[in-house]
Amino acid sequence: MQRALSGAARIGARMAEEAAKRSAARAAVEQHVRGGHVVGIGSGSTVVFAVERLSEKVKSENLKIICVPTSFQARQLILEHGLTLSDLDRHPELDVAIDGADEVDSKLTCIKGGGGCLTQEKIVASCAKRFIVVADYRKRSSELGQQWKKGVPIEVVPMAYVPVGRTIAARFGGTADLRMAVSKAGPVVTDNGNFILDWKFDRKHDWQVVNTQITLIPGVVETGLFIGMAEKAYFGMQDGSVATQEPGDQKN
């Protein structure tokens, strides 16, 4: 009986999380996407709901929307929903980019890259006039590291992963471990053909300073720290509501 109850509780929690993601994603699309926009489409489970709502909106309102993906997954989502696919070669300036996050602090500093797409996500976000984050209540923190325990993803050139990992641990503490694949032997390989180190930090940091210093290490391609980029975050809450947050807002 205990197992059945535990299983039912897990299913209920999962349904609540999915409903929260859907609420946040749909609210962001409603508020920030208009006809004629070029939209950056992020990666991850929450963005799936944003693309669903965007497709509905395009069809019901007969809108012309162009979508630029951050990953192969995002590209497939765009095509599967019948949306217009483009790229940064043809549309280097975006009206808005919508993406998820692994964790968001009170300043809207984000950890991203749990799914391995951090470099392309950061490039697309940097090309957008407005970068909007969508997530569920589990991703909202006062400080980074409170909710997300898997560390800061760092994309590295394969030949450099050992020296880069050693340098990060020596300079900033913690450990920087090569991310291994789950369903195949060997490390995770990004869409760019690189490896990912997950840096599990063990103390508070000035994230702007740390991000700058890590990106200067030879072999580092990009970090999963998104600092000063997000304009607004939408969090789907457990009760079905959507909480919004802007830089400097206090978590409530």
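Projecting the Cα atoms of 137, 173, 124 onto the charge dipole of segment 101-196, computed from C-beta unit charges around the Cα centre, puts 137 farthest toward the positive end. Comparing 134, 182, 124 in a Gaussian network model of the chain (Cα springs below 10 Å), the most mobile by mean-square fluctuation is 182. Between residue 208 and residue 126, the modelled label-to-label distance comes to 1.7 nm, taking each label 7 Å out from Cα in the direction of the beta carbon. Shown for the chain: the carbon plus sulfur share of the solvent-accessible area, taken with all protein chains present and a 1.4 angstrom probe, equals 52%. Among the GluC sites (Glu not before Pro) within segment 44-153, those in coil by DSSP and having at most 12 neighbouring Cβ atoms inside 10 Å are 93. Only one residue of 235, 197, 182 has its Cα farthest out toward the positive end of the dipole of the chain, where Lys and Arg carry +1 and Asp and Glu -1 on Cβ, and that residue is 182. The peptide list 218-224, 190-196, put in order of mean Cβ contacts within 10 Å with the highest first, becomes 218-224, 190-196. Computed from the Cβ-Cβ distance with R0 of 35 Å, the FRET efficiency linking residue 79 to residue 6 stands at 0.35.
Taking the DSSP bridge list for segment 116-252 and keeping only pairs wholly inside it, about 75 percent are antiparallel. For segment 32-76 and segment 95-124, what is the separation of their Cα centres, given in Å? When both Cα centres are located, 16 Å separates them.
Karplus-derived 3J(HN,Hα) values for segment 222-231, using 6.51 cos²θ - 1.76 cosθ + 1.60 with θ = phi - 60°, are 6, 10, x, 8, 10, 10, x, 9, 6, 8 Hz; glycine and proline are entered as x. Annotation: per residue accessible area for the chain equals 48 Å², rounded to a whole number [probe 1.4 Å, protein chains only].
The Cα atoms of segment 205-252 cover 46, 18, 17 Å along the three principal axes, with the biggest extent listed first. For volume of the Cα convex hull per residue in Å³, the candidate list reads (i) 135; (ii) 120; (iii) 150; the entry that matches the value derived from this model is (iii).
The values are calculated or read from the model by the stated rules, or taken from the named source; none is laboratory data. Just so we're clear, the structure is a prediction, and the values are computed from it rather than from any experiment. A quick note on method: Cβ atoms are made from the backbone with ideal geometry, for glycine too, and the neighbour counts reach across all protein chains shown. Calculation scope for accessible area: heavy atoms of the full protein, side chains included, ligands and nucleic acids excluded. Shrake-Rupley method; radii C 1.70, N 1.55, O 1.52, S 1.80 Å.
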